[in-house]
Amino acid sequence: MARKFFVGGNWKCNGTTEEVKKIVTTLNEAEVPSHDVVEVVVSPPFVFLTLVKSLLRSDFHVAAQNCWVRKGGAFTGEVSAEMLVNLGIPWVIIGHSERRALLNESNEFVGDKVAYALSQCLKVIACIGETLEQRESGSTMAVVAAQTKAIADKVTNWDNVVLAYEPVWAIGTGKVATPAQAQEVHCELRKWLNQNVGADIAASVRIIYGGSVNGANCKELAGQPDVDGFLVGGASLKPEFVDIIKSATVKKN
């Protein structure tokens, strides 16, 4: 079965009410491939989740950018998976490199968060990726395999997991992994899943690329056989996000 192309827009810590409404209007008016060709999910900051959900076209979905590792309670400043479910938010991003680096989220903590979110019936975009130092030392696959293993150790059903490979050195820097570099890591990740998780999961799980994706480079990246879509940062706040969604048609035979 073909893997449906997936395009996620991570708005990060950006936006005012007016700016958010403007972005949603642009998306609502866009002519894009149908939902059987591409799945589109946008991830505004927590404070705008319900606003975006209420205004966004029905064939696009909404994701939170994070959630807490267990049931809510005395965890000031956190948002629980149960709260997201209560608001009707179907997706959550977990393990983004900014949280791993700035908030010291370990591989094991990310694995626990992914497992808990899935247990509450959320779908998860789980982020992995190496730093520039790790790439230059030749340890890219060891790093992303360890990050993926921490998730695989806690997760048995991968139906609601999308893996997002985001080389840290390419996020927001304007440096992009070449299509060949992205394909190489995605292919090796699929091999790792095949050997360590199972052939069916390796064949069906979507591995998307993130790191300075834009309207100019998306088609060539989308053409790689193991690149199943994108997690887009800065460009998801701009009209060119529509062009990135349209790159899904590259996969059609």
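Tabulated values for the structure
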read-out	value
Count of the stretch 160-199 residues which are small (Gly, Ala, Ser) and part of a helix (DSSP H, G or I)	4
Selection count, the stretch 66-98, where residues are of a type in the set (Val, Ile, Thr), outside any loop (DSSP other than H, G, I, E, B) and touching a strand residue (DSSP E or B) at 6+ places or on another chain (Cβ under 6 Å)	3
Restricting the stretch 127-139 to residues that are buried (at least 20 other Cβ atoms within 10 Å of the Cβ) and not small (Gly, Ala, Ser), the residue that is nearest to residue 63 (Cα to Cα)	127
In the stretch 10-57, the residues that are open to solvent by 50 Å² or more (accessible area, probe 1.4 Å), under 23 Å from residue 80 (Cβ atoms) and polar (S, T, N, Q)	50, 54
Residue tally, condition in a helix (DSSP H, G or I) and within 13 Å of the chain's Cα centre (by Cα), over the stretch 99-146	1
Evaluation of residue 208 against (1) assigned to a helix (DSSP H, G or I); (2) open to solvent by less than 30 Å² (accessible area, probe 1.4 Å); (3) of a type in the set (A, V, I, L, M) (one fails), failing number	(1)
Complete set of residues in the stretch 168-190 that are buried (at least 17 other Cβ atoms within 10 Å of the Cβ) and in contact with a helix residue (DSSP H, G or I) (Cβ under 7 Å, 6 or more places away or on another chain)	168, 169, 171, 176, 177, 179, 182, 185, 189, 190
Per-region count, the stretch 82-97, residues out of contact with any Lys or Arg (no Cβ under 8 Å at 6 or more places or on another chain) and farther than 20 Å from residue 231 by Cβ	3
Search result, residues across the stretch 147-157 that are part of a loop (DSSP other than H, G, I, E, B) and in contact (Cβ under 8 Å) with a residue 12 or more places away in the chain	153, 154, 155, 157
Meets criteria (crowded, with 17+ Cβ neighbours inside 10 Å and closer than 25 Å to residue 151 by Cα) for residue 64	yes
Failed condition for residue 243, given (1) open to solvent by less than 50 Å² (accessible area, probe 1.4 Å); (2) in contact with a helix residue (DSSP H, G or I) (Cβ under 8 Å, 6 or more places away or on another chain); (3) not aromatic (Phe, Trp, Tyr)	(1)
Top-ranked residue in the stretch 191-205 [being under 19 Å from residue 110 (Cβ atoms) and out of contact with any Phe, Trp or Tyr (no Cβ under 6 Å at 6 or more places or on another chain); ranked as surrounded by the fewest Cβ atoms within 10 Å (Cβ to Cβ)]	196
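The values are calculated or read from the model by the stated rules, or taken from the named source; none is laboratory data. Just so it is clear, the structure is predicted and the values come from calculations on it, not from any experiment. Heads up, the Cβs are rebuilt from the backbone with ideal geometry, glycines too, and the neighbour counts pull from every protein chain shown. The protein model used for the area step is the full one, side chains on, heavy atoms only, and it has no ligands, DNA or RNA in it. Shrake-Rupley method; radii C 1.70, N 1.55, O 1.52, S 1.80 Å.
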